[in-house]
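The values are calculated or read from the model by the stated rules, or taken from the named source; none is laboratory data. Predicted model only: the values in this text are computed from it and were never measured. Note: ideal-geometry Cβ built from the backbone for every residue, glycine included; neighbour counts use all protein chains shown. The accessibility values were calculated without ligands, DNA or RNA, using every heavy atom of the protein model including side chains. Shrake-Rupley method; radii C 1.70, N 1.55, O 1.52, S 1.80 Å.
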Amino acid sequence: MHAAFEEKVQIAQHGQVCVITVRGEMDYDDSEAFQAAWDAADRAALPTTAVDLTQVTFGDSMLLGALLNARRRHEADGRDLILVGPLQPAVTRLLDVTGMRDYFTIADTGPAPIS
């Protein structure tokens, strides 16, 4: 795992929940790190994956595409995917502009974030 991955994307297990914590700006340059987190979540195959987006200050189509793909995979496997907020304005705007906000389960709180 390289330093950029560890700084922006972290993954942990809290009971039966896989928690992916994302920080900062997420764009195409971060797709490899984000995909590695999704792959780890898929391997863990826990009943729920919570994506902590509380510290994401920017997200583009890479972020949205990764979230949509993860939702599709989770649904196909019978697992839950939850986005954890409160969401920053940039993430809220991304979901609203694309009409995807209602496509996801969004919780205002979740498992403790990774420090």
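For Met62, which of the numbered conditions (1) under 11 Å from the mean Cα position of the chain (by Cα); (2) open to solvent by 20 Å² or more (accessible area, probe 1.4 Å); (3) of a type outside the set (S, T, N, Q) fails to hold?
Just one mismatch for Met62, condition (1).
Inside segment 65-77, can you point out the residues that are under 15 Å from Met26 (Cα atoms), surrounded by 15 or more Cβ atoms within 10 Å (Cβ to Cβ) and small (Gly, Ala, Ser)?
Hit for segment 65-77 is Ala66, nothing else.
Please go through segment 78-91 and pick out each residue that is surrounded by 12 or more Cβ atoms within 10 Å (Cβ to Cβ) and under 17 Å from Ala50 (Cα atoms).
Arg79, Asp80, Leu81, Ile82, Leu83, Val84, Gly85, Pro86, Leu87, Gln88, Val91 - these are the residues of segment 78-91 that are surrounded by 12 or more Cβ atoms within 10 Å (Cβ to Cβ) and under 17 Å from Ala50 (Cα atoms).
Could you run through segment 8-53 and say how many residues are open to solvent by 40 Å² or more (accessible area, probe 1.4 Å), hydrophobic (A, V, I, L, M, F, W, C) and touching a strand residue (DSSP E or B) at 6+ places or on another chain (Cβ under 8 Å)?
3
Which of the residues belonging to segment 84-94 are within 13 Å of the chain's Cα centre (by Cα) and either part of a helix (DSSP H, G or I) or within 20 Å of Tyr28 (Cβ to Cβ) (or both)?
Once the filter is applied, which keeps residues that are within 13 Å of the chain's Cα centre (by Cα) and either part of a helix (DSSP H, G or I) or within 20 Å of Tyr28 (Cβ to Cβ) (or both), segment 84-94 yields only Val91.
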